[in-house]
Amino acid sequence: MSTEQLPEHPEFLWRNPEPKSSYDAVIVGGGGHGLATAYYLAKNHGMTNIAVLEKGWLAGGNMARNTTIIRSNYLWDESAAIYEHALKLWEILPEELEYDFLFSQRGVMNLAHTLGDVRESIRRVGANKLNGVDAEWLDPQQIKELCPILNINDNIRYPVMGATYQPRAGIAKHDHVAWAFARKCDELGVDIIQNCEVTGFLKDGNRVTGVKTNQGTIHTEKVGLCAAGHSSVLAEMAGFKLPIQSHPLQALVSELHEPVHPTVVMSNHVHVYVSQAHKGELVMGAGVDSYNGYGQRGSFHVIEHQMAAAVELFPIFARAHVLRTWGGIVDTTLDASPIVGTTPVENMFVNCGWGTGGFKGTPAAGLTFAHTMATGTPHKLNKPFALERFETGALIDEHGAAAVAH
Amino acid sequence: MLLIPCPNCGSRDETEFHYGGQAHVPYPENPNDLSDVEWAEFLFYRENTKGIFAERWLHSTGCRQWFNMLRDTVTYDIQAVYPMGTPRPDVSVPAAAESGTASTDAESTTTGTSAPSISASSIAPAATPASTTAPKGATK
Ligand SMILES: Cc1cc2nc3c(=O)[nH]c(=O)nc-3n(C[C@H](O)[C@H](O)[C@H](O)COP(=O)(O)OP(=O)(O)OC[C@H]3O[C@@H](n4cnc5c(N)ncnc54)[C@H](O)[C@@H]3O)c2cc1C
Ligand SMILES: [Zn+2]
C-alpha cells in the first residue's frame, strides 16, 4: 500500500519521430484512451503503420489530471459489462505491458447518507451481483472496521448510513499507465507524435482522407478521435456535431502523510472522494464547475465545498494542507455515459464522453475502439454506446453510479 | 470564481447563480412534425463553443430573474449581459488567450457596474468598448 516503492522508469520509453506523410490510421489525442487504442490496434489487429497525434505532451490532458479511481460497480448491464471488462484488463495489464504501474486493489466505498441513497445503493449492489461484479453492502460498523478514520457519528449533517463496497476496485499510478502503454506502442512500431495539433480534416466527399496539423498534412484512411474535452471542437472541424458539453473538473492533493487511509472513499451526496496515494498524499476530487469551460482549472468554491465535506467525514484531515490543485476538461453527455463508435463522417470514429470517469475505462475503451476502427463495426461491448442512442432513446442513464455530479 | 454582473442586482459571486446552459434554443414550433433526429437535436445537442458562448444564468439567491450572458469559455471573461428574449449582441471578439490565463476578477469582468443598475445590462471589456449592441432595459 502506501509504503510501496514507485517503480523504476525503464531506461527507454518511446521515440519522438517526425510524422510521416501517410499512415493506415491516425489517432487524435495522446491521452490514455488514444494510447490504449493504438496499443490494441497494433497488438490485436496487426495495424502498426499508425500514429498517435498529441497537441501537447504525452498524457498531459485528463490522463495525468485524474484521481485514478478504478471500479466497475455501475448500475446498467451495458456499463457493468464494459467497466468490468476494463477491470479484468487492469488486473492483467502490468504483466502484459511489462511495467508495474502500481494497480492497487484496495477497494472502493461509495457512501450513502440519505434513505434515498441507501435504497439506490442496495439496488446497485443487487444489480452488480447479477452482472458478476463484486459488490457488498456495508453498515456503518463494517465501514468503520475497513476505514477507521471515517466519522460514522450520527450527529453530523449527513450521517453515514452505509456504503456499497467493491473490494476489487482501487487506484493506479496514472502517468505510469500512460507511459506503459506508450512504451509498448512504440515497441510495436506506432509513431507517437507530440506537439502535433490537429487543426482540420481532409475529406473526399463524406469520407475522411487525412488530417491537417501544425506539423503538416498527414494522409490516412482512418481517423479515431480520442480527444476527451475537445472532441466536439474536432467534430465541428470535421462537419458533424456531438452531444457533448465540456466542463472543468478539478482535483487536489495534500502534503505527504503516514498511511492512514487504507481504501478509497467516495460520497456522491456530500461530494468528495478521497484516497491516499502510494507516496502518502491525500488525493481528493469533487464535482464539475456548472458552466461550460475549456480552462484547465476549477472554481474555488468547489474546493471549499469538498473540503467541508472531507473534514466532516474525516475529522483527522482538519489540519492537512492543500499543496496543489489543478483541473482538466471533461466531456459530459446527458446520460453520463460515453460515446464510442462510428460518426456521420465515413472512416472517422469517435471515443468520447467518458466525462468524469473515463480513466477506469481506459483499457476497455482502447480495446473496443481499436476493434471498431479496425473492422468498421462496433465491438459487442461498445455497441450500446453508439451515437445513435440519442435518436433511438436507448440512453444509459448512469448519473447515479457516475459518482461525480454533472 | 466568476463575478457575474446581474443586470438587476449588480456584480455578485457565481455561487448566487444557477447555470442554464446555451441561450437562444427555441422550443420546436411544431413539435408533432419533428422526426426522431430532430427531437434528438433539440433535446441533446447544444453548442459547446470554445470561445464566446451565449448562455443563460439565473440569479437564484438574488432577484431570481433569468438573463443571458456572453462569456468566453477559454478566458472566462464576461463580454455582455442582456435580457431574455432579445437577440445576441454583436461583440467583436478579441483573440482568445490559451487556457490557464483566465481573469475572473472584477476588473476584467465588469466596467463599473458595482451598484445595482437596471440600465447597465450590457458590459463590454476594455478592449472592445464601443462594440456591444446589447439591448438596454430590465430582463423579462
Ligand atoms: C480532476 C479529474 C479527476 C478525474 N478522476 C477520475 C477518476 O478518479 N477515475 C476515472 O475513471 N476517471 C477520472 N477522470 C476522468 C478521466 O481522466 C477521463 O475520462 C479520461 O482520462 C479521458 O480519456 P483520455 O485519457 O484519453 O483523455 P485525455 O488525457 O484528456 O486525452 C485527450 C488528449 O487529446 C489531446 N487533444 C485535444 N485536442 C487535440 C487536437 N486538436 N490535436 C491533437 N491532440 C488533441 C489533449 O491534449 C489530450 O492529451 C477524472 C478527470 C479529471 C479532470
Ligand atoms: Zn439579480
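All of the numbers you see were taken from the coordinates with simple rules; none came from a lab. Since this is a predicted model, take the numbers as computed values, not measurements. Backbone-built Cβ (ideal geometry, glycine too); neighbour counts: all protein chains shown.
Shape summary of the protein assembly as shown, radius of gyration then Dmax from alpha carbon positions: 23.7, 67 Å. Ellipsoid fit via the Cα gyration tensor, the range B:13-57: semi-axes of 26, 12, 8 Å, each the root of five times an eigenvalue, largest first.
Highest mean first, the peptides A:359-369, A:208-218, A:264-274 sorted by other C-beta atoms within 10 Å per residue fall in the order A:359-369, A:264-274, A:208-218. So what's the angle, to the nearest 10 degrees on a 0 to 90 scale, between helix A:115-130 and the longest Cα principal axis of chain A? Relative to chain A, helix A:115-130 is tipped by roughly 50 degrees. Note on residue A:184: lysines with a C-alpha under 23 Å away, same-chain residues under 8 apart excluded, are A:20, A:43, A:55, A:88, A:173, A:222, A:360. Taking amide hydrogens as placed 1.01 Å from N in the peptide plane, the amide H of residue A:210 sits under 5 Å from those of A:202, A:220, each at least 5 positions away in sequence or on another chain. Among the residues of A:294-305, the average count of other protein chain beta-carbon atoms within 10 Å of the residue beta-carbon is 5. Relative to the longest principal axis of the Cα atoms of chain A, the long axis of helix A:32-45 makes an angle of roughly 60 degrees.
Can you give the local net charge around residue A:150? Use residues other than it whose beta-carbon is closer than 11 angstrom to its beta-carbon, Lys and Arg +1, Asp and Glu -1. Result for the neighbourhood of residue A:150: -1. Positive end of the dipole of the range A:1-117 (Cβ unit charges, origin at the Cα centre): among A:26, A:90, A:12, the Cα lying farthest that way belongs to A:26. Rounded to the nearest 20 debye, the dipole size of the protein assembly as shown about its Cα centre is 380 debye, using +1 on the Cβ of Lys and Arg and -1 on the Cβ of Asp and Glu. Rounded to the nearest 500, the 222 nm mean residue ellipticity of chain A from helices alone is -8500 deg cm²/dmol, with -39,500 (n - 2.57) taken per DSSP H run of at least 4 residues.
In the range A:328-398, inverting the average of 1/r over every pair of distinct C-alpha atoms gives 12.3 Å as the Kirkwood radius. Counting only alpha carbon atoms, the long axis of helix A:300-313 and the longest principal axis of chain A meet at about 40°. Between the amide H of residue B:20 and those of B:56, B:57, B:58, distances stay under 5 Å, these residues lying 5 or more places away or on another chain, with hydrogens modeled in the peptide plane.
For the range A:119-173, the Cβ-based charge dipole about the Cα centre amounts to some 220 debye (Lys, Arg positive; Asp, Glu negative; other atoms uncharged). Placing unit charges on the Cβ atoms of the charged side chains and taking the dipole of the protein assembly as shown about its Cα centre, the candidate lying farthest along the positive direction among A:359, A:127, A:114 is A:114. For the range A:98-204, the equivalent ellipsoid derived from the alpha-carbon gyration tensor has semi-axes of 41, 18, 15 Å in decreasing order. With a cut-off of 9 Å between beta carbons, the residues surrounding residue A:215 carry a summed charge of -2, where Lys and Arg count +1 and Asp and Glu -1.
Put in line by how crowded their Cβ is, counting other Cβ atoms within 10 Å and starting with the fewest, A:41, A:102 read A:102, A:41. Local charge for residue A:298 was computed over the other residues whose Cβ lies under 11 Å away, with Lys and Arg +1 and Asp and Glu -1, and equals +1.
Each residue of the range A:378-389 is assigned a 3J(HN,Hα), and the resulting list reads x, 7, 5, 7, 9, 3, x, 9, 5, 4, 4, 4 Hz, derived from the Karplus form 6.51 cos²θ - 1.76 cosθ + 1.60 (θ = phi - 60°), x at Gly and Pro.
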